[in-house]
Amino acid sequence: MLTEAVFPFYLIHQTIIVLVMYALLPAGLPGWAEFLMLLAATLIGCFAFYRIGRRVAPLRPLIGLRLHLRPTPPTL
């Protein structure tokens, strides 16, 4: 799962960082608080982007994932 998630995370992480930081600037928080909030928002946002894009078939190729036409049987 993590190997598949690398490219979607790469696509969205900078956008999340810029938008969240822009929203946090007026709050005037200390640097460590901004960092922790930015880190949490980036991780949650990237994971949500991947999970949603993974489940919606037309979005899969747009975020760099292969289309799964049929489930593959588990190998023993």
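What the table shows:
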item	result
Packing-based exposure ordering (other Cβ within 10 Å, fewest first) of Arg55, Arg60	Arg55, Arg60
Net lengthening on full extension, Leu24/Leu67 (0.36 nm per residue, minus Cα-Cα)	11.8 nm
Most positive-pole-ward Cα, Leu43, Leu65, Pro8, against dipole of the chain from beta carbon charges	Leu65
Net charge over other residues, Cβ less than 14 angstrom from the Cβ of Ile12 (K, R count +1; D, E count -1)	+2
Nearest-ten-degree value, helix 2-24 long axis tilted from longest Cα axis of the chain	20 degrees
Cβ-placed point charges (K, R +1; D, E -1), dipole of the chain about Cα centre in debye, nearest 20	460 debye
Backbone HN-Hα couplings from phi across the range 52-63 [Karplus 6.51/-1.76/1.60, Hz, Gly and Pro as x]	5, x, 6, 7, 9, 3, x, 7, 3, x, 6, 10
For the range 2-63, Kirkwood radius (reciprocal of mean inverse C-alpha pair distance, Å)	12.5 Å
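A short reminder: the numbers here are calculations on the coordinates, not readings from a lab. Keep in mind that what you see is a predicted model, and the values were worked out from it rather than measured. Because the Cβ atoms are built from the backbone with ideal geometry, glycine has one as well, and the counts that use them run over all protein chains shown.
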